[in-house]
1. May I ask you to list the residues in the stretch 26-78 that are among the aliphatic types (A, V, I, L, M) and modelled with pLDDT of 90 or more?
2. Can you confirm whether Leu117 is under 28 Å from Thr144 (Cβ atoms), surrounded by 15 or more Cβ atoms within 10 Å (Cβ to Cβ) and under 19 Å from the mean Cα position of the chain (by Cα)?
3. From Lys85, Lys77, grab the single residue that is basic (Lys, Arg) and either surrounded by fewer than 18 Cβ atoms within 10 Å (Cβ to Cβ) or not in a helix (DSSP H, G or I) (or both).
4. With the structure loaded, tell me whether Arg107 is within 18 Å of the chain's Cα centre (by Cα), part of a helix (DSSP H, G or I), modelled with pLDDT of 90 or more and basic (Lys, Arg) or whether it fails that test.
5. Do we have Ala64 as of a type outside the set (S, T, N, Q), within 17 Å of the chain's Cα centre (by Cα) and loosely packed, with under 11 Cβ neighbours inside 10 Å here?
6. I'm trying to understand the selection: among the residues of the stretch 1-37, which are within 30 Å of Glu91 (Cα to Cα) and assigned to a strand (DSSP E or B)?
7. Phe75 passes all but one of (1) outside the structural domain of Glu91 (by TED's automatic domain parsing); (2) closer than 25 Å to Val104 by Cα; (3) of a type outside the set (Lys, Arg); which number fails?
8. Within the stretch 116-129, is even one residue outside any strand (DSSP E or B) and at pLDDT 95 or above?
Amino acid sequence: MNCPYCNFHDSKVIDSRSSDGGRVIRRRRQCLKCDKRFTTYERVEQAARLTVIKKDGSRVPFSADNIMKGVMAAFGKRPVPAEVKAHLVQEVEDELHRDFDREVESRSIGERVMAKLRDIDEVAYIRFASEYHKFKTVDEVASTVAELAGRVKDVKDQQRLF
């Protein structure tokens, strides 16, 4: 690592810390020639990139940005903080890298996103589900809403027991 002050090629590491879930390493360094200190950031590179198998059988590289686009569309103008959306996408991405080695079906990604949306915002869940399941009739939407309403009722009943 070259010193940004004197451009000397060698430095010693004084302190190292990981952040962003272990994806970024922050290192505090000291130049061995001029003794000035500086900070470097290193990103951990994923060894094997995931490939997404789409419904039509085609394969594309995994992109968390695509998940974020779907999540943003589902939330629309709902009052949900950007941090919550980013956390949802990060959780899904972490699960995928943990559970799959090289390939993942788009269906699995959509189901994971829906499961997380269901717990965060019911309207966003319905919006996402309507695109994901390609609802063709109002009855299909009503069935999903009724299922969600039953789930909410069950949760409220369980909360009353405690």
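The values are calculated or read from the model by the stated rules, or taken from the named source; none is laboratory data. What you see is a predicted model; the values in this text were computed from it and never measured. As a convention, Cβ positions derive from the backbone with ideal geometry for all residues, glycine included, and neighbour counts pool all protein chains shown.
1. Once the filter is applied, which keeps residues that are among the aliphatic types (A, V, I, L, M) and modelled with pLDDT of 90 or more, the stretch 26-78 yields Leu32, Val52, Ile53, Val60, Ala64, Ile67, Met68, Val71, Met72, Ala73, Ala74.
2. Here the answer is yes, as Leu117 does meet what is asked.
3. Lys77
4. Judged against the criteria, Arg107 is a match.
5. When the stated conditions are applied, Ala64 does not pass them.
6. Asp15, Ser16, Arg17, Ser18, Ser19, Val24, Ile25, Arg26, Arg27, Arg28
7. Only one criterion is unmet by Phe75, namely (1).
8. Checked the stretch 116-129: no residue is outside any strand (DSSP E or B) and at pLDDT 95 or above.
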